Amino acid sequence: MRNLLDPTDLTVDEIDQIMDLSLDIIANRQKYNEVCKGKKLATLFYEPSTRTRLSFTAAMMELGGNVIGFSDANSSSASKGETVADTVRVLSCFADIIAMRHPKEGAPMIATQYATVPVINAGDGGHSHPTQTLTDLLTIKREKGHFDNLTVGFCGDLKFGRTVHSLIKALKRYTNVNFVLISPEELKLPDYIKNDLCEENIEYTETHSLENAMPKLDVLYMTRVQKERFDSEEEYNRLKNSFILNTDKLKSAKSDMIILHPLPRVNEITYEVDNDPRACYFEQVENGKFVRMALIYKLLQWKSENRKTPVQKTIIEGPPCKYSRCISSQEPVKHLYQLSENGIYRCIYCEGPLEK
Ligand code: CP
């Protein structure tokens, strides 16, 4: 059965299919308004959300289906100590497909081990957010027309920004995509993602200066400093104003550059930028609903066709993962590691390296 935990769970061809289906949905809304009639989506949100949960809800409603779920772990039996494993076994009795957000990295992976219906990762800690990636890709497709030959700048919190991690993993599979990583030293992109870029000879540069990077960029992807992932409030306060995009800074940008942001924003884009024709972050939100419609439809279709996961990776059992944000520290799971492209075994839940 097919799930979506990471953008690379989809082949490039399958991403193209989801893009094409999203565009067809946009052009022919009525054609799709009963295709999920009688189906139920469960939204299990253990962490706050506005866009992702409500766009999943709107998407399923526009496909003619229904939605059940919770938007706060405290209103579910998680507050009584129920595990993710048991919760998804229960929800598999009620729903045809599950979208889960959780503060621990790898929680949706655990869900796939126990669910009998497709599971979609709607954001797991600072790790991954593949449906935001599909949203971002659809926006780039509609605004730029292609994914090849782009210089993409990621600015802000690249350490905890799960949307950044997922979008880089997706875009690196296209031709001649260059990444410009703009962050303070403390919030640089994790090594495991940079190691993959090096291994695959994909060009990237790191800088602390948004002004220097700006003239080269075709896409500027701004991000919020992720307050909820910091261990120290003092550290957050020191870094929270690292990058603020305003109209003055945009003067050196290309006239056809696009500005994306997964939202919510705090202060990293001033409101005056919203009036710049290059600002696409509210179009991006709407694209999120269409792409989630396409994804729900495809995953249910693939389940009925019994479509298998394209690549089976080598997996071994090992010692407990040492990363405190990994879900494996709080659920009854086997500690599993998969062989990555560069020959290192990584925890299947959080992608932390195997440390013996
Ligand atoms: N972009 C995004 O994930 O927004 P929410 O946290 O509001 O879902």
At R0 = 22 Å, FRET efficiency that the Cβ-Cβ distance of ALA85 and ASP13 yields, to 0.05: 0.10
Gain on full stretching of the segment that runs from ASP276 to SER209 - 0.36 nm per residue minus C-alpha separation: 22.0 nm
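Going down the list LYS31/LYS313; LYS172/LYS308; LYS31/LYS303, which pairs span over 26 Å between their C-alpha atoms?
Long pairs (Cα-Cα over 26 Å): LYS31/LYS313.
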Lone cysteines, the chain (no partner Cβ under 4.7 Å): CYS36, CYS93, CYS155, CYS198, CYS280
Structure-based [θ]222 nm, the chain - -39500 (n - 2.57) summed over DSSP H runs of at least 4, per residue, nearest 500: -10000 deg cm²/dmol
Cα-centred dipole magnitude for the chain, charges only on beta-carbon of K, R (+1) and D, E (-1), debye, nearest 20: 860
Label-to-label distance, nm, for residues given as PHE94 and GLU185 (7 Å Cα→Cβ offset): 5.0
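Can you send over the carbon and sulfur percentage of the accessible area for segment 130-281, probe radius 1.4 Å, protein chains only?
Of the solvent-accessible surface of segment 130-281, carbon and sulfur hold 43 percent.
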Added length on full extension, which subtracts the Cα-Cα distance from 0.36 nm per residue, ASN66 to ASN237: 57.4 nm
Packing rank of 156-167, 308-319, 83-94, where each peptide gets the mean count of other beta carbons within 10 Å, highest leading: 156-167, 83-94, 308-319
Simple label model, 7 Å out from Cα along Cβ direction - SER255 to CYS198, nm: 4.1
Global geometry of segment 214-356, whether rounded, prolate or oblate, following the gyration tensor of its Cα atoms and the 1.5 cut on a/c: oblate
SER77, SER329, reordered so the largest accessible area comes first (probe 1.4 Å): SER329, SER77
Extension reserve of the GLU228-ILE344 stretch, reckoned as 0.36 nm per residue once the Cα distance is removed: 38.8 nm
Net charge dipole size for segment 130-281 [Lys, Arg +1 and Asp, Glu -1 on Cβ; Debye, nearest 20]: 400
Heavy atoms of SER304: accessible area, 1.4 Å probe, square angstrom to 10: 100
Loop-located GluC sites (Glu not before Pro) in segment 80-149 whose Cβ has at most 14 other Cβ within 10 Å (DSSP): GLU82
For the chain, alpha-carbon Rg relative to the globular expectation (2.2 N^0.38 Å, N residues): 0.96
Estimated inter-spin distance, GLU305 and SER77, nm [label 7 Å along Cα→Cβ]: 3.6
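Averaged per residue, what accessible surface does the chain expose to a 1.4 Å probe, in Å²?
The answer is 43 Å² per residue.
The values are calculated or read from the model by the stated rules, or taken from the named source; none is laboratory data. In this text, all values refer to a predicted model and were calculated from it rather than measured experimentally. Please note: Cβ atoms are built from the backbone with ideal geometry, for glycine as well, and neighbour counts cover all protein chains shown. Heavy atoms of the whole protein, side chains included, go into the accessibility calculation; ligands, DNA and RNA do not. Shrake-Rupley method; radii C 1.70, N 1.55, O 1.52, S 1.80 Å.
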